[in-house]
Amino acid sequence: MQWLPKVRPFAARLRPPVERRPAERAVVGGSAHGILARSALMAAPHILLVGGGHAHALLLHHWAAKGGPPGPVTLVSPEDHSPYSGMLPGYVAGHYGFGAFHVDLVGLTERARVQRVRDRVVGLDLPGRQVLLADGGALSFDWLSLDTGSTSGLLPLPGAAVHTMPVKPLQPFLTRLSSFLRGPAVADPAPSVVVLGGGLGGIELALALQHRLDELRPQGTKGRVTLVERQPTLAPQLDAKVARKLARWVQAAGVEIRTCADVVAFTARGVELRDGTFLASDFTLTAVGARPAPWLQQTGLALDPGGFVRVDSHLTSVSHDRVLAVGDVAHMDASPREKAGVFAVRQGPVLAAILEARLRGRPVPAFEPQADYLRLVSLGAKRALGLKYGRVVGGLGLGGAIMWRLKDRIDRRFMATVGTVDVRSPSKEGHAKVPPGSVREG
């Protein structure tokens, strides 16, 4: 029988007793030949990974390359596959299929010789060193690493909860997107989409959706995508000249831009603005702000004003030295940075070194994020814009095709490293099955 950290109900003070399903209900990863001897596992500290984000994916790849982790490890994730956010605009535009931009957590944990629990975390019992699960159980740990990402903010406006779709978490968004693209609205004379949020993420999605609608309707009336931003300009974090150039590209692609737009309500038919304008919309999505998982508020971990876990230069909680956090869920006190996948990717190898140093009692390395990085912004069609320090890098040579090839090569290299989902060969667990209506590669 494969080893699994003790699973037991919450303490009575936390929740009334619940009926337990068989313990094996959650064990879906790992293989007997890849697990260390039971006695050795029981003696070694247990590492619990929560979330299948980019940093944890690279951590698992590191252990797979080394033949296994330094001790017993369990990954907790509600999904069998994890989307790679860097390829999301390309997927929306139809350039990538479902499997191409999803990390296969099943195969990755098997190669890394790591146990996997398919469940959702709803809280922490830090004094008892337990992670609390949605099914009413708990998993014990000696070291805990959080890589749970972030969600898009839900605007506190009438109709927002019913008539808008946050981009994150990605899995619900992808399901709704696929339903829209294959629904009756796309067959209408002029399907319409509204994207709220004129930052780089919102710009990429607006251009991707415009390209996708154009591809789906090559002979008919083009679909209409409207990009809504409260500020006077798109991408206000960029140099003003660059922001204007980007806005011209957005308009040339057929996307309508609404700046200084104050949304007051959402309906089944569209979006209402304070100036009385009504924007018709068959699909309204929000790409504004970033929020952590709500359950973090009740954990006792030190959090920043946005609710993200405060960590030091060793990616360790400033309040609990047995807890680490990486990716979007972490706020780096010593060197705050924006929420971006590039930092999560670079944290992965450092996280591996930190955990191994902790287990062996060696000096712990620090993570030192770069001051800036090359942003490769997807422009709908197979084009991209390179940005660094708020300015254009490499220009728009060949209409951005050169930068797109660079971005595509980087993204595919990452996915080749951690492993994609093979949608042609679903396993008996169904981890490679494509959700109904998923966008196919085009």
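Each reported figure results from applying straightforward, stated rules to the coordinates on display, with no laboratory input. Since this is a predicted model, take the numbers as computed values, not measurements. Here the Cβ positions follow ideal geometry from the backbone for every residue, glycine too, while neighbour counts run over all protein chains shown.
If the label point is 7 Å along Cα→Cβ of residue 239, which residues in segment 354-394 have backbone nitrogen under 15 Å from it?
The answer is 373-375, 386-394.
Could you calculate the contour length gain from residue 134 to residue 333, that is, 0.36 nm times the residue separation minus the distance between their Cα atoms, to one decimal place in nm?
This chain segment gains 68.6 nm when fully extended.
I need the calculated FRET efficiency for the pair residue 357 and residue 409, taking r as the beta carbon distance and R₀ as 51 Å, to the nearest 0.05.
Rounded to the nearest 0.05, the efficiency is 0.95.
Ignoring solvent entirely, what values of log10 I(q)/I(0) come out of the Debye formula for segment 88-203 at 0.13, 0.23, 0.24 Å⁻¹ when each Cα is a single scatterer?
-0.78, -1.42, -1.46
Can you flag which of 245/388; 66/407; 66/388; 168/407; 339/407; 222/339 are past 24 Å Cα-Cα?
On the way: 245/388 15 Å; 66/407 29 Å; 66/388 35 Å; 168/407 22 Å; 339/407 19 Å; 222/339 34 Å.
The answer is 66/407; 66/388; 222/339.
If I model a spin label at residue 371 and residue 267 as a point 7 Å from the Cα along the Cα→Cβ vector, what separation in nanometres do I get?
5.1
After finding the eigenvalues of the alpha carbon gyration tensor for segment 160-287, what semi-axes result from the square roots of 5 times each, listed largest first in whole Å? If you can, show how the numbers build up before the last one.
Values: eigenvalues 95, 61, 41 Å².
Result for segment 160-287: semi-axes of 22, 17, 14 Å.
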